[in-house]
Amino acid sequence: MQFPKINRLTRLTVSVGCLASMTASPLLAEEEPLQEQSYPRLLEQNISSKFSVISEGDRRLGLTPGNEISSDEVGIDIKPEWVWQLSPHWRSKLRLQAFAATGQVDVSDEVGGTTTDGFVALREAWLDYNGLTDYPGESIRFGRERLKEDSGLWWDDDITLTRWIFDTTLLDATVGVAQKLAELRTDANELPEEEQDIARFFANTRWQWRKDHYLGFLVTHGEGYGDQVEELAGRGEPLDEGRDGSLTWAGVSADRDYFDWQSHNTWQYFASVGAVTGSESVSVADATAASGYSARERDVNGWAADLGLRAQLTDTPRWVIGAHGAMASGGGDADDSDAFRQTSLESNRSRFTGTRSQVQRFGEAIQPEWSNLKVATLYTAISDRDVWDANLLYHRYWLEDKNGAVYSDLVEPGFTGASDDLGESVDLVIGYYGDSSRTSWAAFDVVFRGGVFLPGDAYGDQADDVRHRVVLDLAKRF
């Protein structure tokens, strides 16, 4: 490792440690016993630190000799968080993050989509009021929060919002409005252009209609109010991805306790079907325009589905095998798009293998968006449910429309248009989660996430035979 990298990591690590210490010190005193009805009270404090080793192969798959993008780096991540009871009906949470690395890496399990070598960020800061009614599971929350649903295919992102929450044994529901105002990170506070000026409405409900069987419904609407496409067209720049749109997503799902890693059910299933409809703007060639390009509105109509089935072979330890089939539509032209696209709030990371470890739904080494894609997945996993688990997965990929593209935070497309064979991948995810009641390694977590992607004929004969991504995390909770 180069000495400048080590020095930079050392300086950032010290700075991050000082920041966490200064932030936590005045609050530690609040943990002293207080009178039962005195406020504010510190309900929870947690500071987690994580050391990571991250290695990945060329993002361009060897298709641009001399311009390869690969990395072998280490990083440190510190996340302090606090939860306070401010009064009988008011509660608040603050969660910060400081990250430093020896070079540019993608922190895809936390804030994917951009590469970074370090930042300090505000992850969550919200207030919750539960005095609307006497019902204990009802409240209204506003501020910056991690909006998440179980599959990670629709929501799993930090966003500024106001939402109503209804949480009961048989029915969970939420409805609200949200907007990304900024990344609130020191390295990249400005939102990416495709995320700017979008107001969102969202709603979700999940009903347990019989023991361990759930039905869900989700809707999201994004209303773009910017003029980015007009500006691009005025500068003579093409854009075929679509922005400044008015898009509505709707999804329905059914499952049998599919994301509960402590389940003892012999058979479990998951089915999700969704659609997107609306319109968006693109910048296309126009000989009559002064710049040679003009903004044009096109209709959007796409659909997607993900179906999974899991069987438990043994109960102790829990050993399961499962299969998934996923598809997302593709295709279209300058006037109409048939391609499904996600809400841009997704992570595609969840506990869909039936263990405690969060696993990338479409492959650790490629991590494609759920668009213009067909994926067949087979997996097996073994765990004791709480402390350790091991997950082995195989994915096979095809383009739904071979003339289209699949976008990824980790791999650049580079398609030839001659085949729909995108390739295949294999993932291994192993997790250990320290438990003070069982071992002296009480506060330590160790997670290994490794994947290899083997490009298919869609990339042509010149592409690398294999691309890897390996992440080893050692975390300690305070």
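Things to note:
- A full extension of the chain between Asp286 and Arg477 corresponds to an added length of 63.0 nm, given 0.36 nm per residue minus the alpha carbon distance.
- Here's how it looks for Tyr407: its modeled amide H is under 5 Å from those of Glu369, which are all 5 or more places away or on a different chain.
- Taking 7 Å steps out from each Cα toward its Cβ at Phe51 and Asn301 produces label points 5.7 nm apart.
- Pairwise label distance in nanometres, Tyr39 with Ala334, each label 7 Å out on the Cα-Cβ vector: 6.0 nm
- The 3J(HN,Hα) values that the Karplus relation (6.51, -1.76, 1.60; θ = phi - 60°) gives for the stretch 128-141 are, in residue order, 10, 10, 10, x, 5, 9, 7, 6, x, x, 10, 7, 10, 10 Hz. Gly and Pro appear as x.
- Using alpha-carbon coordinates, inclination of helix 3-28 to the longest axis of the chain, degrees: 40 degrees
- Equivalent ellipsoid dimensions for the chain as semi-axes, Å, which come from the Cα gyration tensor, largest first: 35, 28, 26
- Amide N of the stretch 266-293 lying under 16 Å from the label point, which is placed 7 angstrom from the Cα of Asp240 along Cα→Cβ: 281-286, 293
- Inter-site label distance for Val466 and Ser419 at 7 Å from Cα along Cβ, in nm: 1.8 nm
- Shape analysis of the stretch 196-253 yields a ratio of the Cα radius of gyration to the Kirkwood radius, Rg/Rh, of 1.27.
- Computed E for Thr162/Leu309 - FRET, C-beta separation, R0 41 angstrom, nearest 0.05: 0.60
- At R0 = 22 Å, FRET efficiency that the Cβ-Cβ distance of Ile140 and Thr277 yields, to 0.05: 0.15
- For the chain, size of Cβ-based charge dipole, Lys and Arg +1, Asp and Glu -1, in debye: 1660 debye
- Sequence-ordered 3J(HN,Hα) estimates for the stretch 368-374 from the Karplus curve with 6.51, -1.76 and 1.60 and θ = phi - 60° stand at x, 6, 7, 7, 6, 9, 10 Hz, glycine and proline given as x.
- The dipole here belongs to the stretch 229-331: it is taken about the Cα centre, uses +1 on the Cβ of Lys and Arg and -1 on the Cβ of Asp and Glu, and is about 420 debye.
- Stokes-Einstein D in µm²/s, Kirkwood radius over Cα pairs - the stretch 63-165 at 4 °C with 1.567 mPa s viscosity: 80 µm²/s
- Net lengthening on full extension, Val83/Ala254 (0.36 nm per residue, minus Cα-Cα): 58.3 nm
- Longest to shortest principal axis, alpha-carbon extents of the stretch 355-478, angstrom: 57, 22, 21
Every number in this text was worked out from the coordinates using simple rules, so none of it is lab data. Note that the structure is predicted; figures quoted are calculated from it, not measured. Positions of Cβ are generated from backbone atoms using ideal geometry, with glycine treated the same way; all protein chains shown enter the neighbour counts.
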